[in-house]
Amino acid sequence: MNIIYIVFAPIPIHYANYLNIQNFKKNGFDVHICDVSSFFYSEEQTKAYFSTTAQFYKPSFEKVTFIKNFEQLNNYLNNFDNSNSIIYYTGRSFYKRYKENKIFELIYSYKYKIILSEFATEFFPISFLEKLKFKIFLLRNKILFRKYNNLYFIGSGKNIENISKKIFNQTLKYFSVPHPNYIWSQNANDANVTVYVEESLDGAPDNNTRKAVGGKFKGQTLGRTDFLDDSSINSKIFYENLNDFFLKFENKFKTKILIAASGKFVYHENPFKSRDIKYGDTINLINKSKYVIGHSSMALWQSIISKKKLILLVDDHLSLYKKLEIKNLSKKINSKIFYLSKNNQIKSNYINDLENNYSQEINFFLNSSKYKKNFQEIMLDVINMIIKDR
């Protein structure tokens, strides 16, 4: 059985891991990568994506084919027997980040069985305008998807399930899975350590490719960093404010702050006053810690799953887009925000004690699954259903 992944952008290691791109070979499948990123990204943007990352952030794949045009894509699809091949389509879920209708139409015309997926938490309108836009979004996608039958869909959280049922017709086969980004087993003993979830504010890979998906927010051009006006001065002031906060926090709560970095950006100079930086182990570090500090990273949901004490930070020197991300996360989890720029004293009531029951938030955004299975097991269930449906 062939599993063909259609990929639209450079793929970081964490995304490759939870999609099991590398692991399905161990299950006896013949895994192929059909890379159509050249339709949307220039060679310069693709090269820039991994230019500031740690080496482990870029996965190593076998059987990768880079597609430059529709003729090549058509020839590529002709090489496979659709009765013995499954498409995992990573582009067309709800986002439609890319103008890829023609790509999907071509693949669909070959009558492959197609698996879609969505694990995002962004679909959560807050303001009146956002709610209005969301209704239009639902209506538009419902119209776009109505002609597609017999699609399979893997999603996380009740929110994604609800949206998928509004958008797709009744022939959709939906599978719910615990979000594959996180550790769902509880840690028995917390160390007296505080984890700061670093977010590659100095230049994440996605920042280097923003032109491909639109590069403005409220009239402000999005830069290569998450600092206001892409300014090194704003960056410097932010780190001064952050380190001042760290020192106060460590003294008040008698703890040590560890920097948990994803590896999206590698620091050649440590901006955290020589505090230890650990790359590529953020979720595990959160799960073992006592306190968690961060801004808006998806990794912060692990704090809620693991019931940690959490504090969100914002600063006037961050970009408008970044500040909105932090605000939106705080509303999703009903969490206070500490403003670094105001230089306030740290009070205990700024910290969100997640010992309370946050199961509603978790189920809504991350895990409404009734199954005690991980993503790979659910994926195998989907494949078995596809084989049976033939």
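Brief remarks on what is shown
- Residue that is farthest from the chain's Cα centre (by Cα), among those in the range 261-277 that are closer than 14 Å to residue 57 by Cβ and not polar (S, T, N, Q): 267
- Residue count for the range 174-193, restricted to those that are touching a residue at least 24 places away in the same chain (Cβ under 8 Å), under 27 Å from residue 154 (Cα atoms) and part of a strand (DSSP E or B): 2
- The number of residues in the range 251-267 that are open to solvent by 30 Å² or more (accessible area, probe 1.4 Å) and farther than 29 Å from residue 205 by Cβ comes to 5.
- Those residues of the range 178-198 which are buried (at least 16 other Cβ atoms within 10 Å of the Cβ) and charged (D, E, K, R), in sequence order: 198
- Long-range neighbours under 7 Å by Cβ, at least six apart or interchain, first residue of a type outside the set (A, V, I, L, M) within the range 230-253, second at pLDDT below 95 and in a helix (DSSP H, G or I): 234/228; 241/340; 241/341; 245/340
- Note on the range 1-98: enclosed strands (runs of 3 or more DSSP E) holding 1 or more residues that are surrounded by fewer than 19 Cβ atoms within 10 Å (Cβ to Cβ) and among the polar types (S, T, N, Q) are 2-7, 64-66, 85-89.
- Selection count, the range 127-173, where residues are open to solvent by 70 Å² or more (accessible area, probe 1.4 Å), closer than 23 Å to residue 103 by Cβ and touching a helix residue (DSSP H, G or I) at 6+ places or on another chain (Cβ under 6 Å): 1
- Of the criteria (1) under 30 Å from residue 178 (Cα atoms); (2) at pLDDT below 85; (3) among the acidic types (Asp, Glu), which one residue 30 fails: (2)
The values are calculated or read from the model by the stated rules, or taken from the named source; none is laboratory data. What you see is a predicted model; the values in this text were computed from it and never measured. Quick reminder, even Gly has a Cβ in these numbers, built from the backbone with ideal geometry, and neighbours come from all protein chains shown. SASA here: full protein model, heavy atoms, side chains in, ligands and nucleic acids out. Shrake-Rupley method; radii C 1.70, N 1.55, O 1.52, S 1.80 Å.
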